[in-house]
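The values are calculated or read from the model by the stated rules, or taken from the named source; none is laboratory data. Keep in mind that this is a model prediction, so the values were computed, not measured. Quick reminder, even Gly has a Cβ in these numbers, built from the backbone with ideal geometry, and neighbours come from all protein chains shown. Remember, those area values only see protein heavy atoms, side chains included, never the ligands or the DNA or RNA. Shrake-Rupley method; radii C 1.70, N 1.55, O 1.52, S 1.80 Å.
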Amino acid sequence: VMASMAHLQEEKLRLQEELLGLQEKLAARENDELSRSLQLQGQVETLTAKLLEQAQEIGRLRSELGGTDVEKHRDLLAAENERLRQEMKACEGELRELRRQQQAPCRDCTHLQENAGLQERLSQLQREAEEMRAKLAELDLEVQQKTNRLAEVELRLKDSLAERAEEEERLSRRLRDSQETIASLKAQPQQIKYIIKTVEVESAKAKQALCESQSRNQYLQEQVGMQRQVLKEMEQQLQSSQKTAAQLRAQIVMYEAELERAHGQMLEEMQAMEEEKNRAIEEAFSRAQVEMKAVHENLAGVRTNLLTLQPALRTLTHDYNSLKRQVRDFPLLLQETLRSARAEISQAIEDVHSTNRELLRKYRRELQLRKKCHNELVRLKGNIRVFGRVRPITKEDGEGPEAANAVTFDADDDAVLHLLHRGKQVSFELDKVFPPQASQEEVFQEVQALVTSCIDGYNVCIFAYGQTGAGKTYTMEGTAANPGINQRALQLLFSEVRGKEADWDYAISVSAAEIYNEALRDLLGKEPQEKLEIKLCPDGSGQLYVPGLTELRVQSVEDINKV
């Protein structure tokens, strides 16, 4: 029934999805039809504009021309006008037909795909044309920048030539001044020599004047030498300036030639770019014309396909109506199916409940039988059992041959214990005897059945008796790594409780009492010295209890250890 309901639910979801898909298809076709009608309206407006242009052309020809040729041309234009009117009427008829039918072209039509491809190709050509225009603009900008840099170079070259001319003029002036100074210095020593020759016979005063003149002559000669050296340096500077000027003139000539070459190259590149641009524009225009012609042809094919799609639309409409009727009848069918399913499910639930009740009854009977068998087993083993455990020899027992073990065991019977006392062997028979090598796990296996009896509702008591140092604490408590009977019994108790918590509720509490010197003390009470008594339960069950004894609720072994 659940599988049938799931199948009906899946069928309902599938029908709803198909209905939504049909609605989406109809909405998409309505949108496409609207866009198609807008395109046809644009074509009608274009044809109307062409008619107006033809009418204007006819009027212009009538006003400008006359005679027979004009009349022929007018007749041709009138025929063309009439043809355009018929085409416009046909387009308007198609537009009205498409608006009335409210149908959309096929999405997967090859003509539409070709049209989309042609439009994409046209947009790509337009983008290429835009890129060519951008490149041309970049080249124009680069030419402008190079022209500006060339003008700057010419200005710097003119400034350099002007500075070089000024430097040559200044050096020429300095050269002329140096030559005049040399000429004047060359003229002065002859006078001095002449004076020296003419004053040789004069007095001592004249001789002193002669010495002064000689010293002055020497000074002037030194000045002449310095001026000659300066003249040589200036000649060298003039030669280097002339070399620099020649180099600059060569560079100017080279720059002018490079400028002319770059200008010519730039003009050639501009002319080539212009030609390439015109050629690309012409090619793009011709391709666009061809593609537009193909688009018009594809448009005619699309119109033909639109006419062929009408039967398919009628079929889809019929299928949609049948699905609509099925969806309208689906709730009644679903309600009837749900009623039958509810009845079957109720019957199945009732059968399951009866089966569960029978199983629960059998489980409880088996539980009582298990408890009875377990108790019978415990009774057969003995309600009161006494075990003996012998501890190993320790250092406190002494060393040497006198430290021999006074206890021996029977190899054939694990319930017999032999003791050597005053030279005589005394035997004791118990329920079981554990030798020194017995483990804590082996000791616990003999008493773990009593935990099940405790859960079944019987009183259980496990205690150890012996003198100081006999191993009572080790047997009952043990260590953290090797626990004793107490810890193992508590772990088993809580494990059994967790296994039965789905069917039973257990409450576990702990109390600790001590009997010492005939006095009973509550070890968990606030006043341990308070006197307590052991009494029989008033319900007549014969059980003993201690009124006022402190009891603490616990949930785990850790809680008991904390207590």
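Using 0.36 nm per residue of separation minus the Cα-Cα distance, give me the extension gain between Arg303 and Asn517 in nm, one decimal.
65.0 nm
Any idea of the accessible area per residue across the range 439-506, 1.4 Å probe, to the nearest Å²?
For the range 439-506, the per-residue accessible area is 64 Å².
Could you give the nm distance between label points at Leu532 and Asp414, where each point is 7 Å from its Cα heading toward the beta carbon?
Taking the two extended label points, one gets 3.7 nm.
Could you check how much of the accessible area of the range 300-341 is carbon and sulfur, as a whole percent, using a 1.4 Å probe?
The computed percentage sits at 61.
For the range 507-562, just say rounded, prolate or oblate: build the C-alpha gyration tensor, square-root its eigenvalues into a ≥ b ≥ c, call rounded for a/c under 1.5, and beyond that prolate if a/b exceeds b/c, oblate if not.
oblate
Using the heavy atoms of the protein chains alone and a 1.4 angstrom probe, what is the accessible area of the range 218-360 per residue in square angstrom?
75
Report, to the nearest whole %, how much of the accessible area of the range 507-562 belongs to carbon and sulfur atoms, 1.4 Å probe, protein only.
Of all accessible area on the range 507-562, carbon and sulfur atoms account for 49 percent.
Largest first, please: the extent of the C-alpha atoms of the range 439-506 along each principal axis, to the nearest Å.
For the range 439-506, the Cα extents along the three principal axes come out at 45, 26, 17 Å.
Per-residue HN-Hα couplings for the range 478-486, Karplus 6.51 cos²θ - 1.76 cosθ + 1.60 at θ = phi - 60°, whole Hz, x for Gly and Pro?
With coefficients 6.51, -1.76 and 1.60, one gets x, 10, 5, 7, 9, x, x, 5, 4 Hz.
Ordering Ile182, Ile384 by how much accessible area each has at a 1.4 Å probe, largest first, what is the list?
Sorted descending by solvent-accessible area, the residues read Ile384, Ile182.
What figure, in Å² to the nearest 10, do you get for the accessible area of Leu338 with a 1.4 Å probe and non-protein molecules left out?
In the full protein context, Leu338 sits at about 50 Å².
Work out from phi, with θ = phi - 60° and the Karplus expression 6.51 cos²θ - 1.76 cosθ + 1.60, the ³J(HN,Hα) of each residue of the range 244-250, listed in order in whole Hz, and give x for Gly and Pro.
With coefficients 6.51, -1.76 and 1.60, one gets 5, 5, 5, 4, 5, 4, 5 Hz.
Taking 8 Å as the Cα distance limit and 6 or more residues as the minimum spacing, I'd like the relative contact order of the range 439-506 as a percentage.
32
For the range 393-466, treating each Cα as an identical point scatterer without solvent, what Debye log10 I(q)/I(0) comes out at q = 0.14, 0.20 1/Å?
So the normalised log intensities are -0.66, -1.05.
Counting other Cβ atoms within 10 Å of each Cβ, which chymotrypsin sites (Phe, Trp or Tyr not before Pro) in the range 462-563 have at most 15 and sit in a DSSP loop?
Here the chymotrypsin sites (Phe, Trp or Tyr not before Pro) that fit, given the DSSP loop and packing criteria, are Phe463, Tyr465, Trp504, Tyr506.
Per residue of the range 226-234, in order, report the coupling 6.51 cos²θ - 1.76 cosθ + 1.60 (Karplus, θ = phi - 60°) as ³J(HN,Hα) in whole Hz, putting x for Gly and Pro.
So the Karplus estimates, Gly and Pro as x, are 5, 5, 5, 4, 4, 4, 4, 4, 5 Hz.
Please report the carbon-and-sulfur percent of the accessible area for the range 439-506; probe 1.4 Å, protein heavy atoms only, DNA, RNA and ligands left out.
Looking at the range 439-506 in its full context, I get 51 percent from C and S.
Counting heavy atoms of the protein chains only and a 1.4 Å probe, report the per residue accessible area for the range 507-562 as a whole number of Å².
Accessible area per residue: 80 Å².
Amide H neighbours of Gly478 under 5 Å, at least 5 residues apart or on other chains, H built in the peptide plane: list them.
Gly484
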